[in-house]
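Contents: one structure, followed by commentary.
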């Protein structure tokens, strides 16, 4: 499958989930190691005129989920991906459209993750995601672990 | 203000945020120490037929935010409340309507929180929230810290 077809399939997967469709997200880029998602501030604005915390976590969580799903697909593995846990820090308010960037954590082992799903039917991978501020720095950062379970 | 009026005001506050209005949440109960929010599964369902992780975090985060906001209001304090950080564990899938319950953490000091906002214009409080499973146990648990900053 080409990268374009992969991303189209991922987008269809996102849009098929009602709470995700309501986020109006778009896939902004994928370079094989990092996935970027965007969503308009107008849909995610809170009472203080900045991005709602739940929206920031949702977008980062979806970016990490998409990243893990893409790696599995590229490797030809059919698996369900679940988020297992996450830690989020809210560092600064974001008064602009949301963009979440997800990549594997520095000490993550993507090859080992794929091998585990292939050989044992179950793998785990650590993801780091953040939402950058237009003026530099980040609004939020997340560390999360995802579990993939091979479909029978 | 009566409890009913307080909860009506909190509900209006929730519904005024577009990403929260789209969650179709309702306030299910408040006993002075714990706030419960509900939202229908149909609006929050993922690709696996269970509740979307981002929705679970959002509902728990909003429950904690509402709990802190109610305490401030009852104390006659006018402050903005922000979530500062959160840790979430996803323990089991939820195939039913969502209900998030938030209370202060065992070692939290609600009186000290209110004093800090009153005297220093800024306070911090730790909240625990969870989403119970209808069959017993919990789908997700969250620990989060909230910061309140007095409005001038």
Problem set entry | Neighbour-count ranking [beta-carbon atoms within 10 angstrom, fewest first] of A:1, A:17 | A:1, A:17
Seminar exercise, completed: Relative to chain A, whose Cα atoms define the longest principal axis, helix A:3-15 and its Cα axis are tilted in degrees, nearest 10, by 60 degrees
Problem set entry | Order of B:133, B:25 - criterion: other Cβ atoms within 10 Å of each residue's Cβ, fewest first | B:133, B:25
Exercise. On a 0 to 90 degree scale, rounded to 10, what angle separates helix A:110-120 from the longest Cα axis of chain A?
Worked result: 50 degrees
For this session: Starting from the Cα gyration tensor of the protein assembly as shown, take the square roots of the eigenvalues, sort them a ≥ b ≥ c, and report rounded, prolate or oblate (rounded when a/c is under 1.5, otherwise prolate if a/b is larger than b/c, else oblate).
Result: prolate
For this session: Would you mind checking the tilt of helix B:53-74 against the longest principal axis of the Cα atoms of chain B, expressed as 0 to 90 degrees and rounded to 10?
Result: 30 degrees
For this session: Would you mind ranking B:24, B:44 by Cβ crowding within 10 Å, fewest neighbours first?
Result: B:24, B:44
For this session: Would you calculate the separation in nanometres between label points at residue B:105 and residue B:38, each defined as 7 Å from the Cα along the Cα-to-beta-carbon direction?
Result: 3.0 nm
For this session: For the stretch B:104-152 and the stretch B:32-52, write down the distance between their C-alpha centroids in whole Å.
Result: 20 Å
Exercise. What nm value, rounded to one decimal, do you get for the distance between residue A:122 and residue A:22 when each label is placed 7 Å out toward the C-beta?
Worked result: 3.3 nm
Exercise. Sorted from shortest, what are the nm distances separating the label point of residue B:31 from equivalent points in the other copies, each placed 7 Å from Cα along Cα to C-beta?
Worked result: 5.3
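Bear in mind these aren't lab numbers, they're just calculated from the coordinates by the rules spelled out. Just so it is clear, the structure is predicted and the values come from calculations on it, not from any experiment. Please note: Cβ atoms are built from the backbone with ideal geometry, for glycine as well, and neighbour counts cover all protein chains shown.
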